[in-house]
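Colleague: Take this structure, written in structure tokens, and hold onto it; I'll ask about it next.
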Amino acid sequence: MTKTALITGATSGIGRATAHEFAKHGINLVLCGRRQERLNTIKNALSKKVDVHTLNFDVRDKEKTIEAINSLPEAFKSIDILINNAGNAHGLDPINDGNLEDWDAMMDINVKGLLYVSKSIMPEMIKRKSGHIINIGSSAGKEVYPKGNVYCASKHAVLAITEGMRMDLNPHGIKVSAINPGLVETEFSKVRFKGDAKADDVYKGYKALQPEDVAEVIYFAISRPNHVNIADVLMFCTAQASSTIVKKEV
Ligand code: NDP
Ligand code: 8X3
């Protein structure tokens, strides 16, 4: 039977690559993000392969998030796969110099946004006694690095929530997984550095993971047989050994 996936943060990077990967495999899509023009472009491209619906909302807005998901047309209401991907780092500062708005953004989007979206989707999955929730964590959820403080905290929270979800949704037959990449070349650093040119340096001198690499692993996780759950994946590019060790050509 054809499955439906809802992907948050589908307008860029890992979320957009996952939308393309899923469409290749015939999975119908609900694509979410704030940039409607981009959602339209992706919808136009992927509608040739699968059914696509777009939802425009900011995951920080609890009411709008719930309203948007409740507004799904009948054909898209049964979400089999939820990819909680929307998120970013905002800033890279010692904690004593941290910007309060950056802190709010990271906790509100990466942690609370993920909760609001999940809260809207879980009841249907529970009713149907099936479903798969994939949370996009990070290597930053497994180790803290200097100046990563609040971003790392938000991703540690994502991993704690993932484990909690796996326990609490276990009686309902729902799979819960975390996919945790290291450095991936997306718009992530542009957002983190607010458009500053230093974002360009982050991926220089080595081959970072590409969003498509992560999308393939996400597809692998959601395409296992019913009895198999890929609970937690940590993936790096070959040049990266940890958050602070990256072999770069000079
Ligand atoms: P991008 O900046 O390329 O994509 C981020 C996506 O999140 C966009 O589609 C954006 O959509 C969406 N988003 C951001 N804020 C909001 C919001 N308030 N409401 C709704 N959607 C929002 O980054 P990545 O693809 O790299 O990041 C995706 C996920 O992967 C994040 O959770 C990130 O933490 C994680 N990650 C990234 C790594 C990396 O090195 N790039 C490594 C490990 C994890 P729009 O602006 O249209 O709303
Ligand atoms: C993104 C990877 O190392 O910039 O989660 O935190 S990192």
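Colleague: Do we find that residue 147 is in contact (Cβ under 8 Å) with a residue 24 or more places away in the chain, within 12 Å of ligand 2 (Cβ to nearest atom) and more than 14 Å from the chain's Cα centre (by Cα) in this structure? If you could, list the steps in order and put the result at the bottom.
Modeller: Working: in contact (Cβ under 8 Å) with a residue 24 or more places away in the chain: yes; within 12 Å of ligand 2 (Cβ to nearest atom): yes; more than 14 Å from the chain's Cα centre (by Cα): yes.
Yes.
Colleague: Specify the residue that is farthest from residue 215 (Cα to Cα); the eligible residues are those in segment 161-201 that are hydrophobic (A, V, I, L, M, F, W, C), within 16 Å of ligand 2 (Cβ to nearest atom) and surrounded by fewer than 19 Cβ atoms within 10 Å (Cβ to Cβ).
Modeller: 193
Colleague: Same structure again: When you scan segment 217-229, do you find a residue that is under 29 Å from residue 102 (Cα atoms), modelled with pLDDT of 95 or more and assigned to a helix (DSSP H, G or I), even just one? Give the derivation first.
Modeller: Step one: filter segment 217-229 for residues under 29 Å from residue 102 (Cα atoms), giving 218.
Remaining after also requiring modelled with pLDDT of 95 or more: 218.
When the remaining residues are screened for being assigned to a helix (DSSP H, G or I), the result is 218.
Scanning segment 217-229 turns up at least one residue that is under 29 Å from residue 102 (Cα atoms), modelled with pLDDT of 95 or more and assigned to a helix (DSSP H, G or I).
Colleague: What number of residues in segment 70-120 are more than 30 Å from residue 195 (Cβ to Cβ) and surrounded by 22 or more Cβ atoms within 10 Å (Cβ to Cβ)? Give the derivation first.
Modeller: So in segment 70-120, the residues more than 30 Å from residue 195 (Cβ to Cβ) come out as 70-82, 118-120.
Still in the list and also surrounded by 22 or more Cβ atoms within 10 Å (Cβ to Cβ): 79, 81-82.
Residues that pass the stated criteria total 3.
Colleague: Taking only pairs six or more apart or across chains, which ones have beta-carbon atoms under 8 Å, a first residue in segment 179-196 that is farther than 16 Å from residue 217 by Cβ and near ligand 1 (Cβ under 7 Å from one of its atoms), and a second residue that is part of a loop (DSSP other than H, G, I, E, B) and at pLDDT 95 or above?
Modeller: Filtered contacts from segment 179-196: 187/12; 188/88; 188/89; 191/88; 191/89; 191/90.
Colleague: On the basis of being charged (D, E, K, R), modelled with pLDDT of 95 or more and within 16 Å of ligand 2 (Cβ to nearest atom), does residue 93 make the cut? Spell out how you get there, then give the answer.
Modeller: Values: charged (D, E, K, R): yes; modelled with pLDDT of 95 or more: yes; within 16 Å of ligand 2 (Cβ to nearest atom): yes.
Yes.
Colleague: I've got another one for you. Tell me which helices (runs of 4 or more DSSP H) are completely within segment 45-164 and hold 2 or more residues being within 25 Å of residue 223 (Cβ to Cβ), or say none if there are none. Can you show your working first?
Modeller: Details: elements: 62-70, 100-106, 114-128.
Where helices (runs of 4 or more DSSP H) fall fully within segment 45-164 and carry at least 2 residues being within 25 Å of residue 223 (Cβ to Cβ), they are 114-128.
Colleague: How about segment 8-22: which of its residues are closer than 21 Å to residue 182 by Cβ and either of a type in the set (A, V, I, L, M) or at pLDDT below 95 (or both)?
Modeller: 14, 17
Colleague: Looking at segment 201-226, I want the residues that are small (Gly, Ala, Ser) and have a partner that is at pLDDT below 95 and loosely packed, with under 13 Cβ neighbours inside 10 Å with Cβ atoms under 7 Å, at least 6 apart or on another chain. Which pairs are those?
Modeller: These pairs meet every condition: 205/250.
The values are calculated or read from the model by the stated rules, or taken from the named source; none is laboratory data. Keep in mind it's a predicted model, so treat the numbers as computed, not measured. Neighbour counts are summed over all protein chains in view; Cβ atoms, including those assigned to glycine, are modelled from backbone coordinates with ideal geometry.
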